[in-house]
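Trainee: Encoded as structure tokens, here's the structure I'll be asking about.
The values are calculated or read from the model by the stated rules, or taken from the named source; none is laboratory data. Note that this is a predicted model, so its numbers are computed, not measured. With ideal geometry, Cβ positions are generated from the backbone for all residues, glycine too; neighbour counts draw on all protein chains shown.
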Amino acid sequence: MFKLLSVDSLSSLNVVINLKEGKAQAPFEENAKFTPNENGYTVYIDTKDFRWYQKAARVIAKLNIYNFSVISVAPFKSLELFYFLMALHDGKHDYYVAVEKNNLDLQEIENRVNLVCSYREIADLDSKYISPVKLVQTVYELIRKTAASNSAYTKLTLIDNSSDDFDSLVGLKTVGLASDKSPCLGIIDYAPNEQAANSQVDIALVGKGITFDTGGYSLKPDKYMETMRTDKSAAVYLAGALHLAISKGLNKHVRLYLCCSENMVSGKGMLPGDIIEYPNGIKVEINNTDAEGRLVLADGLLRAQKDGALEILDMATLTGAAKVAVGRDLFCVMTPNNKMNVKMQEAFDATLEMYWQLPMLKEHKRFLSSRRADITNSGHGDSVPGASAAAAFLREFVDKAIPWTHIDLSSAYLPDESPFLGAGPTGSTILGIAAYLRA
């Protein structure tokens, strides 16, 4: 939790952090990132440096000070202060930070950063606490309360293994076979009023929500499994983006599809070599049980089209290949025509999201060839472009006439801190997608 105060007020805090251009003077080493002073600390910055405000926050975070005033030689802009606070967040401590107002709306920034960080913390919850169904219920309740305060309409439809139409969710049913916890498709409807809820869905958001991923029988090594509670990040961040957009007065009919399951190991689980068939007639040979995200996303994509969505945006922590391609600071955007939606690009740029576009080509389908089915669920062959091959799989479940954007969320989680954020879930895309929904 963050509480923002003004340094002009009587409630300014005693420890003062001065952000100052230049380098440390003797007797300190020239390259020292900070030095003590009579009121607190001086942190040295270079305002020409990329995201200098986040780098400064990372220095402050290591001082273990949670109540301070910050005075900067370069006064914060609104987004700079937001990302400064995002870089302080550690998921454990409350922060009280006094800043120079400079015409900033401190309450608005405080509300925004606390909302985004609350979803970062949901993404970090372990699977013993948050099951697939509990995940849907948790984010829906947060969304419902904010929508109700704006007199807007929301509705939750939860399809789990006790529901009549559960068998149509072929991917979720297959991935969830080995778990004691029911997989589910959570469908959250939002409209500015009940009358608008009867209109066509302006945009469908489809998110992967794997609450824990062992890899199934294609078992992950310990090193890669220990953070797999965060394999639900895409579903969580899409919920956060919708929540943030609602808090700003979203005036569209948006439907959020949360494709949630555990991917566990048991005698009941899916096996390499299994063949499944989706309602659209596509037969999939399972050649990798650790490529489960695309199996559950297919259910959400098919349902979004059945419901008549005018546009689809899906997002998933889908491939390690995306992280290899762009690292963990950026997320990857892909579209069937390899042209990014202009309004989406403008929204991402305006909110300082860090992203890169990767190719989605029809030719990538050749990496999914199967002797026994239409496609495999994971790419194979020499030099497989993993992120693009995964997008080629999803492409089989989206009508070419529907505008569709796929995001491979390579920036969902940091196992170690970066120059910009501490270790843990990042909240990446929440600000940008919220802005796009309102565009």
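Trainee: Please state which one of 181, 208, 173 is buried (at least 19 other Cβ atoms within 10 Å of the Cβ) and touching a Gly at 6+ places or on another chain (Cβ under 8 Å). Even if it seems obvious, please write down each step before you answer.
Mentor: Working: 181 fails: touching a Gly at 6+ places or on another chain (Cβ under 8 Å); 173 fails: touching a Gly at 6+ places or on another chain (Cβ under 8 Å).
Result of the check over 181, 208, 173: 208.
Trainee: Test residue 347 against the criterion of being at pLDDT 95 or above, under 19 Å from the mean Cα position of the chain (by Cα) and more than 27 Å from residue 211 (Cα to Cα), and give yes or no.
Mentor: On the way: at pLDDT 95 or above: yes; under 19 Å from the mean Cα position of the chain (by Cα): yes; more than 27 Å from residue 211 (Cα to Cα): yes.
Here the answer is yes, as residue 347 does meet what is asked.
Trainee: Does residue 71 satisfy the condition of being surrounded by 14 or more Cβ atoms within 10 Å (Cβ to Cβ), of a type in the set (A, V, I, L, M, F, W, C) and over 16 Å from residue 87 (Cα atoms)? Steps first, please.
Mentor: Working: surrounded by 14 or more Cβ atoms within 10 Å (Cβ to Cβ): yes; of a type in the set (A, V, I, L, M, F, W, C): yes; over 16 Å from residue 87 (Cα atoms): yes.
Yes: the conditions hold for residue 71.
Trainee: Let me ask something else about it. Could you say whether any residue in region 240-252 is more than 17 Å from the chain's Cα centre (by Cα) and of a type in the set (Gly, Ala, Ser)?
Mentor: So far as region 240-252 goes, yes, one or more of its residues are more than 17 Å from the chain's Cα centre (by Cα) and of a type in the set (Gly, Ala, Ser).
Per-residue answers, yes or no, for (1) in contact (Cβ under 8 Å) with a residue 24 or more places away in the chain; (2) aliphatic (A, V, I, L, M):
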{"residue": "2", "(1), (2)": "yes, no"}
{"residue": "28", "(1), (2)": "no, no"}
{"residue": "35", "(1), (2)": "no, no"}
{"residue": "38", "(1), (2)": "no, no"}
{"residue": "67", "(1), (2)": "yes, no"}
{"residue": "70", "(1), (2)": "yes, yes"}
